[in-house]
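> I'd like to ask some things about the structure below.
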Amino acid sequence: MHMYDLIMKKRNGGHLSEEEIRYMVKGFTQGEIPDYQMAAMLMAIYYKGMNQEETLALTMEMAYSGEFMDLSAIHGVKVDKHSTGGVGDKATLVVGPMVAACGVPVAKMSGRGLGHTGGTIDKLESLEGFRTALGEEEFIHQVNNIHMALASQTVNLAPADKKIYALRDVTATVDSIPLIASSIMSKKLASGADAIVLDVKVGSGAFMKEEKSAIALAQEMIRIGIGAGRDMVAVITDMDEPLGYAVGNALEVKEAIETLDGGGSKDLLELSYVLGSYMLLKAKRTESLEEARAMLEEAVESKRALKKFKEFVKSQGGSLECVENTSKFPKPSIVMDVLADSSGFVEKINASQVGRVAMILGGGRATKESQLDLKVGVVLHKKVGDKVEKEDCIATLYANDLEQLKEAKELLEKSYSFSIRPTSKNILIKWIVTKNGARKA
Ligand code: URA
């Protein structure tokens, strides 16, 4: 078998066999297939797509390139939640403690990731002393003990995906349905959960810009998960504006804590209730979504979810000082308000550009080697549908460098579009996708 022939086959619209996909993934992971050939193949897949059999074969090959987590020592049904990625998405930090406070085990491996801000793991590291590298035994012990653990590494998950993703990231081949579906599902299958609740983002700040393609991505992932014996559901949610108000690592942790404490952001809380309700249902903790939601609401209102977050932070060595009093989160050297230059109603906020603002300020990684500045970012004060008077503060920028601040401010101002007429709020929860199809939420 030769990689050249496989590239040509895919370029001409052919289908790769399981054996050919195995050859390609193994060869590339072991360094026998060079980057330039794999890059050509990824671009061919980007344009010609993959059918269901090819996507499944690619997923399984990447999943089996590393170890599988064995979660059998954790009591109860293990439910994972995964977002396809968006700007200001700190939902795991809210849903996790809520669900754990209802007695359902949350055993989550999370990434650092490239992008506008760090991944969940980076965000949590803004709490002093927080340890993310847990061994398998400690991870399982913690979940059995307090129902929640979030780790960056316990076993080596899907190393083939890691290598292929790094190449996709620099060859403009990330936003392809079969490549995203196989990448996410290879890691999800290897991390060992019995059921998976997917949050598939759609809009200007997501990989999928159209609802139709977000539904297609969700259906592909559900098909793969069901095929591998997992219980699956996907919720298609808005990413046409950032989730909540904060974009930036420490700023997002602060917003998550405030949301668990009854303040914070209404859209973040609503999304967390919806995802959490499906998690309780899939974990067989309740028999209906209504009952699940009532349990979650009780966990938040009674502050048991916040207490669970504290327990989780303490177990992983993090300081509770900023959790107990969020005004203690260290601030960067410059904090600047951005004012509206006219009155009107917010019509759009380009989520991807707001993400870029956080990245310019140093909150995201441009390359794997980039050092994150966990304190910087942006907090929006106006969201789509809000009325704005001239000179109102629309956002606050948190920066450590004047040049970066100037560039970020210009981009932030361009991210907002205003209308002189009242505008409506974005619909947050758009579709529910199951193995039986998609229905409007
Ligand atoms: N997240 C992943 O893990 N993989 C992708 O391809 C896209 C988002």
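> Kindly indicate whether residue 425 is farther than 20 Å from residue 117 by Cβ, of a type in the set (Lys, Arg), touching a residue at least 24 places away in the same chain (Cβ under 8 Å) and surrounded by 13 or more Cβ atoms within 10 Å (Cβ to Cβ).
yes
> Now for a different question. Regarding region 27-45, can at least one residue be identified that is touching a residue at least 60 places away in the same chain (Cβ under 8 Å) and not in a helix (DSSP H, G or I)?
Looking through region 27-45, none of the residues is touching a residue at least 60 places away in the same chain (Cβ under 8 Å) and not in a helix (DSSP H, G or I).
> Search region 177-197 for residues being away from the ligand (no atom under 12 Å from the Cβ) and not in a helix (DSSP H, G or I), and hand back the single one that is surrounded by the fewest Cβ atoms within 10 Å (Cβ to Cβ).
The qualifying residue surrounded by the fewest Cβ atoms within 10 Å (Cβ to Cβ) is 194.
> Restricting attention to strands (runs of 3 or more DSSP E) lying wholly within region 310-387, give those where 1 or more residues are closer than 15 Å to residue 115 by Cβ, modelled with pLDDT of 95 or more and within 20 Å of the chain's Cα centre (by Cα).
The strands (runs of 3 or more DSSP E) meeting that bar are 377-380.
> Mind counting the residues in region 96-138 that are more than 20 Å from the chain's Cα centre (by Cα), in a helix (DSSP H, G or I) and crowded, with 22+ Cβ neighbours inside 10 Å?
Number satisfying all stated conditions: 1.
> What do you reckon, is residue 71 farther than 30 Å from residue 145 by Cβ and away from the ligand (no atom under 16 Å from the Cβ)?
So residue 71 does not fit the description; no.
> May I pose another question? Is it true that residue 419 is of a type in the set (S, T, N, Q) and farther than 17 Å from residue 244 by Cβ?
Yes: the conditions hold for residue 419.
> What is the number of the single condition among (1) open to solvent by 10 Å² or more (accessible area, probe 1.4 Å); (2) touching a Phe, Trp or Tyr at 6+ places or on another chain (Cβ under 7 Å); (3) within 15 Å of the ligand (Cβ to nearest atom) that residue 254 does not meet?
(3)
> Got a sec? Which of 150, 93 is surrounded by 21 or more Cβ atoms within 10 Å (Cβ to Cβ) and outside any strand (DSSP E or B)?
Being surrounded by 21 or more Cβ atoms within 10 Å (Cβ to Cβ) and outside any strand (DSSP E or B) holds for just one of 150, 93, which is 93.
> With the structure loaded, tell me whether residue 237 is outside any loop (DSSP other than H, G, I, E, B) and closer than 19 Å to residue 84 by Cβ or whether it fails that test.
So residue 237 passes the test.
> Residue 246 - would you say it is hydrophobic (A, V, I, L, M, F, W, C) and either within 16 Å of the ligand (Cβ to nearest atom) or open to solvent by 20 Å² or more (accessible area, probe 1.4 Å) (or both)?
Here the answer is no, as residue 246 does not meet what is asked.
> Here's a follow-up. Where residues in region 127-176 are away from the ligand (no atom under 11 Å from the Cβ) and of a type in the set (Asp, Glu), which of them is farthest from residue 187 (Cα to Cα)?
Applying the filter and picking the extreme gives 128.
> Within the group 212, 187, 201, which residue is touching a Ser or Thr at 6+ places or on another chain (Cβ under 6 Å), closer than 24 Å to residue 43 by Cα and of a type in the set (Lys, Arg)?
Matching residue, one of 212, 187, 201: 201.
The values are calculated or read from the model by the stated rules, or taken from the named source; none is laboratory data. Bear in mind that the values here come from a model prediction, so they are computed numbers and not experimental data. A quick note on method: Cβ atoms are made from the backbone with ideal geometry, for glycine too, and the neighbour counts reach across all protein chains shown. Ligands, DNA and RNA are stripped out before the accessible areas are found, and what is left, the full protein with its side chains, is counted by its heavy atoms. Shrake-Rupley method; radii C 1.70, N 1.55, O 1.52, S 1.80 Å.
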